[in-house]
Amino acid sequence: MAERLRLIPALAALCLALFFPPLLRAADAPATLIDFDLPAGDAESTLRAFGRQSGLQILFPTDLVRGLRTGALAGRFTPRDALHRLLAGTPLTALFDAGTGTFSLVRGELSGRLVELPPYVVEASTYPPWSYAQLPGFEVLSRCSDEATERLITDSCRLLDLLDELLLPRNLQVRHDIPTCFVLYDEAAQPAVARDFIAEIQRRETLRARESAANGAPDVLVRALPNYRFWDRDSLTIYYLRGEYDPPIPRQTLSPAYLEYLLRNRTPSLPPWFIEGMLEFYRSVDLGTGAIGSLSLSTAELSRYNRQDDACAVVRPMEWISPAATAAVRKRGSAAGRPPPATALFAEFPADGTPADRQRWRSHAALFIRWTLSDPTQARRSALWDFVDRASRQPAADEALFRQCFGLSYAALDRQLADALRSAVKDKLTLRPAHAFPAPEIKLRVATESEVSRIQGGLNYLEVAYAQEFFPDLKPRYLAQARRTLRLAYDNGDRDPQLLALLGLCECDAGDDAAARPFLAAAIRDQVVRPRAYYEFARIRFDELRAAHPASLFTAAEAAELLRPLHAACRQSPPLPEVYDLIAFIWLNTETHPSLSELAVLDEGIARFPRRVRLLHSTALLNARQGYVAAAQKLLTRALAFATNPADRDRLLALQATLDAK
């Protein structure tokens, strides 16, 4: 059981550019199956329709596709496969950039393949010093010029302000007690060892390709990722590489995958209909100013971009279910069909629902969100935020709660959404903030050795998981880089709690719990703000105690020792569901039984993660063991409503049958 509870190593996926251009969807998106319905037509129109349906951006000059036509495409494909099929018979080839999450088009066959690596940097005294700044909720470590650094951070803060006010208030987003870190590199200031490393990998990958190819092999282009977001369970680091030929002030927006990260990791968990609907709605949103996708701006555009009163969210006409369904509504209005009833919108999506059913549900939710945000009085917008927040704190939304928030019945909502659909597929919507946002106060200074070691080392630590997933043979190099960077300050006597926690977590993810334990213990003694550090320390002690007495239950003293760091983790943000799982498992394997007050922490966990079947099951077991049968049955009923895995359902039903027999 201890092995099953082990926290998955730092999740560095969601390969995307978070704030910097072009900022789109995660790199794993090309492997996701999506329903496409694209009619034959001129290439420019069909490619833009592909972008809308896939949620990905395709970069191409208009001249490149002028005069070209593509055939029809219908079916369920990955975006990469769909685009390959769409371009069949044309002289165009698509190249996917994992660093930015975009496709770009070129004429002719590609002469090579692209391999993108996380930054591999070893400090050298001959390069410019790092700059550092601290803002509310952020830390910045930069080797770019002060002007470029200040501009990038200012625009990022402005976009976050727009998101908070117009689309997703801060109380509905995931919250981190640990500041988000921005690490900004200047490509021209990379140490020679980084260039040598990339050249070495390029030689190796090219040789490997040639050895495995039957008819000659393409060259391999190896480069550093241009920008990337790395995340762990309790922290976020944004890496940006500024190239020599980048425009002085690049276009910025917020990626759909970043929005998804904010939505899916919020606690208490947001209702699924809101998450799916907001992601579908955001496909039609240009957040910021002007069109998204430009790589540089004219002087006139720069002037307009810098005007505070031009900050807005432009919502394009929505796509209702599919291009064909959208065209039908535009042509025939309600005669082409009406949205499903509200009862279907706010219910859990059925486990046996088809992809077409899911897309209809997502479109319905997106229409509802668009309807609320389009209210010029903002009354519906306020009602939406209240409704979503309250719905996240109970098992499911119902009509009574909806009436309290909106003053409408479900039947009245159905009529209003039917009317709203006709305009939603035709009209553009512009959302503007009610006030100007103050510019952030950025005070750059030379970074200390401790700040460089901690922030850059934290980025290096997160890169290890990326290397493990995509380039396993490079993992030792990246692990050595992380250890080396983190120890720069430690070996000079720095005992910053965050640095100690990172050293411990790095060793955990390397599989060396013995090396991790003293670092984590020291960080916890200093009351570090790092929820995962407390979890990993408790997990290591759990494994040690079980190994020492494999057939024995924990004593009360041992349980208290294990629970102490876990309770501390519960008081930090973001809360981790694994923490509550381990608390429940400790109580299930302890000689003494918990009191009702001691079980309250699990009630807190269920309130934060109301759809976590494992936690509902273990808490039901504890209640049943204590004789609280009614409470256990209530938890089982809730768990069965969310359980889709057959094995989970069998365990829940077996426990339910046992309780019913009493």
Looking only at Cα atoms, what is the convex hull volume of the stretch 453-502 per residue, in Å³? 52 Å³
Based on the Cβ-Cβ distance from ALA439 to ALA411, what FRET efficiency comes out when R0 is 45 Å, to the nearest 0.05? 0.40
Restricting things to alpha carbons, tell me how big the stretch 517-662 is in terms of Rg and Dmax, in Å. 15.9, 50
I'd like the FRET efficiency for ALA654 and ALA630, computed as 1/(1 + (r/R0)^6) with the beta carbon distance as r and R0 of 22 Å, rounded to 0.05. 0.75
Please report, in whole Å, how far the alpha carbons of the stretch 481-575 spread along each principal axis, starting with the longest. 43, 27, 21
Could you give me the radius of gyration and the Dmax of the stretch 317-427, taking only the C-alpha atoms into account and expressing both in angstrom? 14.1, 41
Hydrodynamic radius by Kirkwood, which averages 1/r over all alpha carbon pairs of the stretch 335-398, in angstrom: 13.2 Å
At 37 °C and 0.692 mPa s, grab the translational diffusion coefficient of the stretch 468-528 from Stokes-Einstein with a Kirkwood Rh over Cα pairs, rounded to a whole number in µm² per second. 274 µm²/s
Any lysines whose Cα falls less than 28 Å from that of LYS662, other than same-chain ones fewer than 8 residues away, would be LYS634
Could you calculate the contour length gain from GLN404 to ALA379, that is, 0.36 nm times the residue separation minus the distance between their Cα atoms, to one decimal place in nm? 7.7 nm
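Laboratory data are not the source of any read-out in this text; all were calculated from the coordinates shown. What you are looking at is a predicted structure, and each value in this text was computed from that prediction instead of being measured. In this analysis, Cβ positions are derived from the backbone assuming ideal geometry, glycine residues included, and neighbour counts consider all displayed protein chains.
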